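These notes concern the structure reproduced below.
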Amino acid sequence: MLHDKTIILAISSSIAAYKSCEIVSQLKKLGAEVWVVMTREATNLVTPLTFRTLSGNPVICDLFSPELSKIPVPHISLTKKADLLLIAPCTANIIGKIASGIADDALTTMVLASSCQKLIAPAMNPLMWNNVVVGDNVKRLKKLNFEFIGPEEGKLACGDEDIGRMSEPEAIVSKAASLLVAKQDLAGKHILVTAGGTREAIDPVRYISNRSSGRMGYSLATAARERGASVTLISGPTNLSAPLDIKPIIVESAGGMLEAVMDYYNNANAVIMAAAVADYTTRKVQSTNQSKIKKSNKNLELVLRPTQDILATLSKQKGRKGRVLVGFALETHDLIENAKKKLKAKDLDLVVANDPKTFDSDAIKFSIIDKKGKISAFPQLAKSQAAHMILDRVSAYVR
């Protein structure tokens with residue numbers, strides 16, 4: 001994917017520098033040539049030898065190092081061949097220096113000398129990220145076409161649980177790849193994606209759910225964003241990090257997902273229903289006084305009623321010409337036959353057919369069926385790859 005690309009990975013002094021090892025590994029697996037440049041302070045957190053071993057190239061900490069003697073004027077020759085300069089992690093200090101045009105070390109000098117695309121993954125304490133000076137510097141860099149990913153909310157090294165955490169390596173590499181190779185065939189389009197399983201309450205502490213991890217929906221949202229679309233991601237509860245710059249709308253139940261989908265449906269060019277929405281919910285939450293059902297020696301009977309079918313509801317309101325509706329069919333038997341029935345019954349443009357092996361997996365073996373009944377079967381692929389295969393079909397329908 002990146003076999004002809006050169007990426008300079010710049011590492012500044014955040015504890016998140018340890019994650020940069022995984023970034024180098026993933027970029028190398030995609031075929032990229034990677035050169036690492038570090039601030040002096042960053043070398044106290046992860047040794048240059050580690051990055052030299054992972055990248056296969058000398059690590060640049062000092063532009064006058066004898067190790068670089070065979071590279072003429074490294075801050076010029078390397079930046080000229082670079083396709084992307086990625087700063088991960090990027091501290092408030094480095095953001096401020098770049099925004100002010102300061103070049104007082106190897107890292108900032110190479111940034112100032114480069115004309116390639118630039119991607120910044122900030123990592124810092126929330127007080128620093130929310131500081132108006134840092135905010136102004138970020139705005140300035142965005143105006144200068146610097147791309148940003150993150151920071152995310154989560155547990156920080158200082159103990160705070162807030163925004164400031166560097167995005168995960170997989171998301172950063174995905175964003176880098178999208179800047180370098182992703183086609184922008186969905187630019188100007190709004191894609192609505194649902195993901196994850198819903199939870200149907202039994203009492204205030206118990207619920208009925210399924211084994212959906214949400215990975216397929218999150219991969220679709222990421223891929224659509226990489227291809228230029230504005231993306232709305234409506235998700236049941238998952239353990240997944242927010243993809244790229246998308247903030248998921250988290251819902252609990254099938255009813256909550258239907259309500260959220262309808263809020264955004266009219267503005268969507270395509271709706272991809274990858275969520276595993278419950279077919280049944282409890283007719284009545286068993287505890288009306290908000291206390292859990294106590295265990296006894298008697299059988300507990302639950303009365304279930306069908307949930308409102310989101311895809312069927314959407315198909316009745318398809319309305320605007322060109323709006324695309326995509327469903328998923330997960331079946332334990334007669335997969336293609338049942339998927340075709342779902343396609344027709346719910347007036348879908350496409351249906352993605354797969355089996356329960358998809359659950360709790362990063363990979364999926366699937367088929368795509370269109371309105372004419374054409375079946376395209378795919379071998380087992382990573383869900384991130386499968387997402388692009390699906391979107392290739394969606395983009396052909398979107399107007």
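Test TYR280 against the criterion of being surrounded by fewer than 17 Cβ atoms within 10 Å (Cβ to Cβ) and closer than 25 Å to ALA339 by Cβ, and give yes or no. Yes, satisfied. When GLY154 is tested against (1) over 17 Å from ILE11 (Cβ atoms); (2) over 27 Å from the mean Cα position of the chain (by Cα), only condition (2) is not met.
Do we find that THR6 is over 21 Å from the mean Cα position of the chain (by Cα) and touching a residue at least 60 places away in the same chain (Cβ under 8 Å) in this structure? Quick ask: steps written out before the conclusion?
Working: over 21 Å from the mean Cα position of the chain (by Cα): yes; touching a residue at least 60 places away in the same chain (Cβ under 8 Å): yes.
Yes, satisfied.
Across the stretch 317-333, the number of residues qualifying as closer than 19 Å to ILE364 by Cβ and at pLDDT below 95 comes to 4.
Just so you know, in the stretch 248-285 the residues that are free of Cβ contacts under 8 Å to residues at least 60 places away in the same chain and under 21 Å from the mean Cα position of the chain (by Cα) include one that is nearest to ARG305 (Cα to Cα), and it is GLU252. Return the residues of the stretch 176-192 that are modelled with pLDDT of 85 or more and either part of a loop (DSSP other than H, G, I, E, B) or within 29 Å of LEU127 (Cβ to Cβ) (or both); say none if nothing qualifies. Those that are modelled with pLDDT of 85 or more and either part of a loop (DSSP other than H, G, I, E, B) or within 29 Å of LEU127 (Cβ to Cβ) (or both): ALA176, ASP185, LEU186, ALA187, GLY188, LYS189. The single condition among (1) crowded, with 18+ Cβ neighbours inside 10 Å; (2) farther than 19 Å from LYS175 by Cα; (3) of a type in the set (Lys, Arg) that ARG40 does not meet is (1). Among the criteria (1) over 19 Å from ILE11 (Cβ atoms); (2) in contact (Cβ under 8 Å) with a residue 12 or more places away in the chain; (3) touching a Lys or Arg at 6+ places or on another chain (Cβ under 8 Å), the one ILE163 does not fulfil is (3). Here GLU226 clears all of (1) surrounded by 18 or more Cβ atoms within 10 Å (Cβ to Cβ); (2) over 21 Å from ASP362 (Cα atoms); (3) without any contact (Cβ under 8 Å) to a residue 60 or more places away in the chain except the condition numbered (2).
Of everything in the stretch 201-258 that's charged (D, E, K, R) and closer than 22 Å to LYS189 by Cα, which residue is modelled with the lowest pLDDT?
The initial filter retains those residues of the stretch 201-258 that are charged (D, E, K, R), namely 203, 206, 211, 215, 225-227, 245, 247, 252.
This time we only want the ones that are closer than 22 Å to LYS189 by Cα, so: 225-227, 245, 247.
On the way: ARG225: 89, GLU226: 83, ARG227: 87, ASP245: 77, LYS247: 90.
Looking at residues that are charged (D, E, K, R) and closer than 22 Å to LYS189 by Cα, I get ASP245.
Tell me which residues, restricted to the stretch 342-399, are touching a helix residue (DSSP H, G or I) at 6+ places or on another chain (Cβ under 8 Å), polar (S, T, N, Q), within 18 Å of MET273 (Cβ to Cβ) and not in a strand (DSSP E or B). THR358 - this is the single residue of the stretch 342-399 that is touching a helix residue (DSSP H, G or I) at 6+ places or on another chain (Cβ under 8 Å), polar (S, T, N, Q), within 18 Å of MET273 (Cβ to Cβ) and not in a strand (DSSP E or B).
Does ILE149 satisfy the condition of being surrounded by 19 or more Cβ atoms within 10 Å (Cβ to Cβ), modelled with pLDDT of 95 or more and out of contact with any Gly (no Cβ under 9 Å at 6 or more places or on another chain)? Write out each step before concluding.
Numbers: surrounded by 19 or more Cβ atoms within 10 Å (Cβ to Cβ): yes; modelled with pLDDT of 95 or more: no; out of contact with any Gly (no Cβ under 9 Å at 6 or more places or on another chain): yes.
The answer is no for ILE149.
Only a single criterion out of (1) modelled with pLDDT of 95 or more; (2) over 27 Å from LYS155 (Cα atoms) is not satisfied by LEU9, namely (2). Within the stretch 351-374, the residues that satisfy the criterion of being modelled with pLDDT of 90 or more and either closer than 21 Å to LYS175 by Cα or exposed (fewer than 13 other Cβ atoms within 10 Å of the Cβ) (or both) are LYS372, GLY373, LYS374. Residues of the stretch 62-91 being more than 24 Å from the chain's Cα centre (by Cα), of a type outside the set (Asp, Glu) and at pLDDT 75 or above, which ones? Within the stretch 62-91, LEU63, ILE76, SER77, LEU78, THR79, LYS80, LYS81, ALA82 meet the criteria. Yes or no: ALA268 in a strand (DSSP E or B) and not β-branched (Val, Ile, Thr)? No; evaluated as a whole, the condition is false for this residue. State whether one or more residues within the stretch 59-67 are surrounded by 17 or more Cβ atoms within 10 Å (Cβ to Cβ), in the same structural domain as MET124 (by TED's automatic domain parsing) and in contact with a Leu (Cβ under 7 Å, 6 or more places away or on another chain). Yes; the residues of the stretch 59-67 include at least one that is surrounded by 17 or more Cβ atoms within 10 Å (Cβ to Cβ), in the same structural domain as MET124 (by TED's automatic domain parsing) and in contact with a Leu (Cβ under 7 Å, 6 or more places away or on another chain).
Here is the figure for the stretch 168-187: residues that are more than 14 Å from LEU84 (Cα to Cα) and β-branched (Val, Ile, Thr) total 0.
Evaluate the stretch 206-216: report whether one residue or more is among the β-branched types (Val, Ile, Thr) and surrounded by 24 or more Cβ atoms within 10 Å (Cβ to Cβ). Within the stretch 206-216 (the criterion being among the β-branched types (Val, Ile, Thr) and surrounded by 24 or more Cβ atoms within 10 Å (Cβ to Cβ)), the answer is no, since none of the residues qualifies. Regarding ASP355, is this residue among the acidic types (Asp, Glu), under 22 Å from LYS189 (Cβ atoms) and without any contact (Cβ under 8 Å) to a residue 40 or more places away in the chain? So ASP355 fails the test.
The values are calculated or read from the model by the stated rules, or taken from the named source; none is laboratory data. From a predicted model like this one, the values you see are computed outputs, not experimental measurements. Methodologically, a virtual Cβ is constructed for each residue, glycine included, from the backbone with ideal geometry; neighbour enumeration extends over all protein chains shown.
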